[in-house]
Structure formats: C-alpha cells, structure tokens
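The values are calculated or read from the model by the stated rules, or taken from the named source; none is laboratory data. Just so you know, these numbers come straight off a predicted model, no measurement behind them. A quick note on method: Cβ atoms are made from the backbone with ideal geometry, for glycine too, and the neighbour counts reach across all protein chains shown. Only protein heavy atoms, including side chains, enter the accessible area calculation; ligands, DNA and RNA are left aside. Shrake-Rupley method; radii C 1.70, N 1.55, O 1.52, S 1.80 Å.
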Amino acid sequence: MTKKRKHQEDFQKVKLKVGKKKPKLENATDTTFKTKAIQIPEQLKEDGVLPTQNRKLNIKDLLSQMHHYSPGVKHNALLGLKDLLSQYPFVIDAHLSNIISEVAAVFTDKDSGVRGAAVHLLQFLASKIRAEQIAPFFPLVSAHLSSAMTHISEGIQEDSLKVLDILLEAYPALLTDRSSILLKNFVELISHQQLSKRLKNREKLSWMLSVNPNRRVTSQQWRLNVLTRLKKFLQAVVDGSSEIEDEGLQEQKDSPHSVRNPIYISWKVHANNQQHIQLFENGGLRPKINSSFRLRSLASVMDSAEKGLSSAENLKGFIEIIIPLLIECWIEASPAQSAPILGNLLESEYQQLMQQVLSIIHLLWKLTKRHDETYKMELWLRMNYLVDFKHHFMRHFPYSLQETVKHKKKDPCKGNKYCMTSSNSVDHLLLNLTLCDIMVSLASTSTLQMDSGWLDMIRKFVTDTLQDGSKLNSKQVNRLLGVTWRLMQIQQNKVATEPLIKAVYTLYQQRNLLFPVRTLLLKFFSRVYQKEDLRTQRIRSRSKVLSRWLAGLPQQLALLGLRNPELSNQLIDIIHSAASRSNKELLQSLQATAARIYDPLDGTLVLLPAEAQRRLVQLVYFLPCLPARLLACLSRCCIMGRISSDLAATLIGILHMRSSFAGWKCQVQDNSVNDVDYFSFLFSTLIGFSREELTSLQGIRGKPHISQTQLSPVRLYLTDLDQFLHHWAVTEVI
C-alpha cells in the first residue's frame, strides 16, 4: 500500500447524509438523568393559610417591609403589624423572635413617625408578652435601647425615654439586671465629661451639665424628663431588692433571712404528750457564728460591672458622679436662682425638678443600707455630702409651692405680667419630707451637738405638720412618721420625744381619717410602746401621751364594732400585746369596757369573725377582775350560740384557770373570780337559759315548741339539732 493511501485511512472523514441522526462520538458523556417529585402538602399550603390584615399582607410580608428604605413603607408595616397581631394574637408566639428583633431595630430610625409607630407597637406587645417569654431576647432589646439613649440625634434620645417607660412598666426586673450600662446612659443624657487640661491627670472623670439649644424643650424640662425616668429606674432596683426594708413604720427584722413560722397549739393534745413544741425551730432566728469565713455566693463570680448597683464599689462610683450633677440641677431650680424676691416659694416646674433630685438621692440612700458595711457607708455619705446638703438644701427650708397665673386685663393686678397666688396644694409637703428623710439619715446620737441647728428646724417642721395634718394621705403620713421615728432614735430623752409623740397623737385624734392613715398611726404607736417597754426596765419614765393612747384603745374597740373588721383586728392585737405586759392603764380601761365588748347582743365579741373572737376570749385571762355581771354576759354568749362550741370550751377553761379551783401551787390574784359567781356561771351555762327565760317559759302553755307527755308532768322544750349539739358540747366541757 502506498504511503498516501495509508494516511487517508487513518484520517477518514465521515460523510453525513441528510435525514439521518449524527452518530455518537466514542468519548461522548451521557448527561441523561431521572427525577422524582417530593410533595409536602402542609409546606405548600403554609403561605396560603397565614392570617393577613386588611391589606392582604401576612406576618412575613410585613416583617420584610421593615427593611425598606422608605419611611412610609416602614410606618405602614408597623401599623399593619399592630392590626394583624391584635386580630390574631397566636401569631406573636410563633414569630416572637423576628417581631422583637425588627421592632427593636427601628428604635434608632431617622424618621420620627416610624419611631412613634414602633413605640405604640411595643406598648401593645408588652401587654401580650410575659417576662419569661421575652427574657431570651431582652439583651437585644436592651442593646437597641442603649443605642437610642446615646444617639447623636435629639429626637431619638427623646423617644428612647418613651421606650424606657414601657419596659420599666412591663419588665422592671429584666431591665434592672442591666443597670451598669443604663445608669451611664442616664448620666450622658444630661451631662458631658470635662475635657480641661488640668483634669486630664485626674483618676476620676468629672462631669458637668450640658446645654443643647437644638432640643424642642428647655434644658430644665429635658433634665426633669431624664431624672423622672432615673427615679423610676432606681425605684425598680429598690423594689427588686428583698434585703431593703422600708423605713419608718415597718417592724425591724432580726436578719434578712429571718422567717417566723406561726405554730398552733392544742392544749388538750399537748397535755396528753401528743404534740411537741419546737420553740427555736419556729422562731425564725438563726444562731450567730463568730467567724469571718463566708461561703462564696454565685453572685460573687460575676464581674463587678455585671453586678450593677448591688456592688458597693459601683454604687459609690455612681453616687460620686450623679450627686454633683443633682446639686447643679438643684441650684438652677432653687428659689435664689428662679425667683429671688419670693424667698422659699417655688413654682410648679421648679418644684417638680427639685422633687426628682431629692427622690433620687433618697433612693440611693436606701440602696446603701443593703450592704453589710452599713455604718461605713453612712459615715462616708456624711463626710462627703453633709456640708453641701446643708448649704444648698437647708438654706430655704421649708419650701412652699407657688402657682404662676396669667390674669386678664380687668384683673386688679393687671399692671404685673404675673401675679403670685399661694397654692392650697400639699404637693410641696412631699418635697420637704423627702429632704427631712435624707438629712435625718445623716445624723446620729454621736453627732447631735454638731447637727442641733438643722435638726431643730426639721423637728419644728414635723411637729407643726403633724398637728395640722387632717388632709394628709397615707404616703405623706408614712414618710412623716418615718422622720419622726428617726428623730426619736437620735435623741431618746423624754424632753425631746414627748412633743413628737404628742403631735402624732393630735393627728390620731382627728376624725374621718383614712383607713391606711389610721393603720400607720397604730403601727407607729405600737412600735413606740414596745421600744419604751424594753427601755423602762432601767429608765422608769413612761410617756403620758402613750399611756393615754393605750387607755383609749378598749373604748375605741367597743365603739368600732363591725364597721371595720380589719381595724378591729389591729386594735385587738395591740391590746393583747399590752395586756400580756401587764400595762396598768390599759388593763384598767379594759376592765371598765369589758361589759360592752362582751355584750351578748351587740358586743364586739359576737359581731366580729371567728379569729377575732378567739383573740377577744383570750383577753379574758388578763382582766384584773371578773365580776358577776361580766360572767353573766359571757354565759349568755355561750348559751345563745354567738360563739362556737370550741371557743366556748376555751372560755370555760380560761375561767377555770382564773378560779380558786385550778389547783395553783403558787399564790394567785385574790378575789379575781368569786366562787359563787363562778358556780353561777357554770350552772347558768349548763341549764342553757337565763333566769328570765326560764320564768317566761314556765308561763307558756299550749305552744308548739313546748311538749308534755301523759307519763310525766315535766314540760320539754323542743330545740333544733344545731342548738342541741352546741349545748351538748358545752355541757360536756362543764
């Protein structure tokens, strides 16, 4: 074969014919594949069954519009979300994470309308979402809130306060857990750091009030708005701390962990050795261990920045920053700056700003009391701030409120643009009382001589207010009595305390006092009496006013009756406490009023509920004398069924213990119960009728409830089953 022939065979060209398929190449890749469809009906139907609002948009559509560049679209999306979630509340649980993240993201939106719609939507969501539901997403909400509070735009800062109001109202515990960040934001809202060269070398930064002329409100109004929220925030911190006790009238606890468990004793069971009483286990007290070793709590593992105001160092640091700023706010609103010609008279706006300043300081003082080093904190506060407080706060004390009223041209004082008229409002009283509370907390017995000047001013103000306090509400009275109690602890001699007790008693004698006010006064007198009773063992000087108050309690109890059972219970508790201490004045008054209290027809005993009846029956044991008239009243109470059979048995047992047949080995009080009167009580109760009723029944003939058989001349008195069972139980006891 020739060479040319061989080349043609190697590279032979295939000729394609028209109408026939192209042959496959030897190295061709097979690209064919088979598919099968997977059908999920529920997923395919999901978008179709999602609830929609009036614009036919579901939750996903509305949330996607939140990222639109147009403010109008975002505003309409927020309005649509509120409309959709109000119609279908179950959507909130299904899409809670997306809703929270999208709504929180627009806290810092540039458009005021979008921010306003977000605030309204957040207000709606707060009423639908519980704290435990939003807790996992609250760090995100808090981060967006902090970003809004520190934003450069004044409008965003103003709207951030509205968001803060909603969160404080709905989720105070979650918000106060992030106090370290939010407190710094509050400071930055009203102040800025000083950048002077001479301050650069200082370890602690100095802050000064800032003025922004671009705001829609004045600088004082803006500070008032911020301080109002700061006061609410600190109040939430105080309320969330279980270790802080309310000052003034609450009973002092032995320790923060003290829990008193009431124990009920049945003397019958106890006498048969079937009930064992554990006194120390139910007393609520724990043994004191003289050791400096303490177990580390879980809270100590946290960083100091995460502890917030629960750390003493953080609290001191915040006080050092905020107190100078508050004093600057006070100086701007003080009478010397606002209206020099008025002396200590305040306009309403200035009074509100000063009230917020004092309220914040008062709450900070409360927070200092929960630390173990309480005395050191009080000493530190006194050393750093007493001089400034005396100079600025006590300079125009006491303060009174003035109203600025614009008058028409025909008014007599038309020559003046404004005419000052004294206000009849008592709102200024809370300002003065808060100031008194702050200042008195800085005083002590050891510093009495140095502080006598301003303490006398406070004592005079408190006395005058109490003597003319018919229009006070419970909040004002609580603060007023708290200051009074503190003053009595600082100076405990009778010359100083007697005028204060007399002033409180003057208020107590006022008629038509509100029930909370009356309760506060009773608690105050009870606490003063218990404190005095402990002290009189070595200092025999009882207060005459306090003795007069105690002597009037039984008569008040007899007159009160069933009109206010809760107040009656409080009176009974105080009377029982004083009677158990053998108070002479009270026992004499109780003896004189006993016939009215234990009257079987309309006495206090038969009108009050069962628990109060039990306490009144126990008071019989403390009466100095049990005359025949009183025993007759008690017998009628047992017979008529006005008290239960168990209570009647208790009463009979008490009378037996007071009689000469109780078998006392020691000498008992002579002539407390006459033997004849005691047997007369027993037989009268055993018969079930009084002498008058027996005479009346013997004269009745032919009545349906009197039956006589032919076998016996004895006439029987028919009774119902309840009356028979009650009398049978009393008969067994006798």
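Miscellaneous remarks
- Compactness of region 542-616 - radius of gyration and Dmax, Cα, Å: 11.8, 38
- Remark: region 524-612 carries 46 Å² of accessible area per residue (probe radius 1.4 Å; ligands, DNA and RNA excluded).
- Cβ-derived FRET efficiency at R0 41 Å, N569 paired with F683, nearest 0.05: 0.75
- Whole-number percent relative contact order across region 50-170, with pairs defined as alpha carbons under 8 Å at least 6 apart: 23 percent
- Whole-Hz Karplus values for region 640-654 come out as 6, x, 6, 10, 5, 5, 5, 5, 5, 5, 5, 4, 5, x, 5 Hz, taken residue by residue from phi with 6.51 cos²θ - 1.76 cosθ + 1.60 and θ = phi - 60°; glycine and proline positions read x.
- Subtracting the Cα-Cα distance of L16 and E332 from 0.36 nm times their residue separation leaves 103.4 nm of extension gain.
- Rounded, prolate or oblate (a/c below 1.5 giving rounded, otherwise prolate when a/b exceeds b/c) for region 105-181 by Cα gyration tensor: oblate
- Extending 7 Å from the Cα toward the beta-carbon at both K184 and A131 defines two label points whose distance is 2.6 nm.
- Residue by residue, region 556-569 carries 3J(HN,Hα) couplings of 5, 5, 5, 6, 5, x, 9, 5, 8, x, 5, 5, 4, 4 Hz when phi is fed to the Karplus relation 6.51 cos²θ - 1.76 cosθ + 1.60 (θ = phi - 60°); x denotes Gly or Pro.
- Protein heavy-atom surface of region 542-616, 1.4 angstrom probe: 51% of the accessible area is carbon and sulfur, with nucleic acids and ligands not counted.
- Fully extended contour minus Cα-Cα distance, from L79 to A496, at 0.36 nm per residue: 143.7 nm
- Accessible area per residue for region 50-170, computed on protein heavy atoms with a 1.4 Å probe, is 45 Å².
- With 10 Å bins from 0: P(r) over region 506-648, alpha-carbon pairs, percent: 11, 42, 33, 13, 1
- Here the Karplus curve 6.51 cos²θ - 1.76 cosθ + 1.60, taken at θ = phi - 60°, turns the phi angles of region 157-162 into couplings of 4, 5, 6, 5, 5, 5 Hz, with x standing for Gly and Pro.
- Surface share of carbon and sulfur [accessible, 1.4 angstrom probe, percent] for region 50-170: 54 percent
- Here each label is just a point 7 Å from Cα along the line to Cβ, and for D111 and S147 those points are 1.8 nm apart.
- Distribution of pairwise C-alpha distances over region 50-170, 5 Å bins, in %: 2, 12, 24, 25, 21, 11, 4, 1
- Pairwise label distance in nanometres, S672 with V217, each label 7 Å out on the Cα-Cβ vector: 6.8 nm
- For S191, distant residues with modelled amide H under 5 Å away: S210
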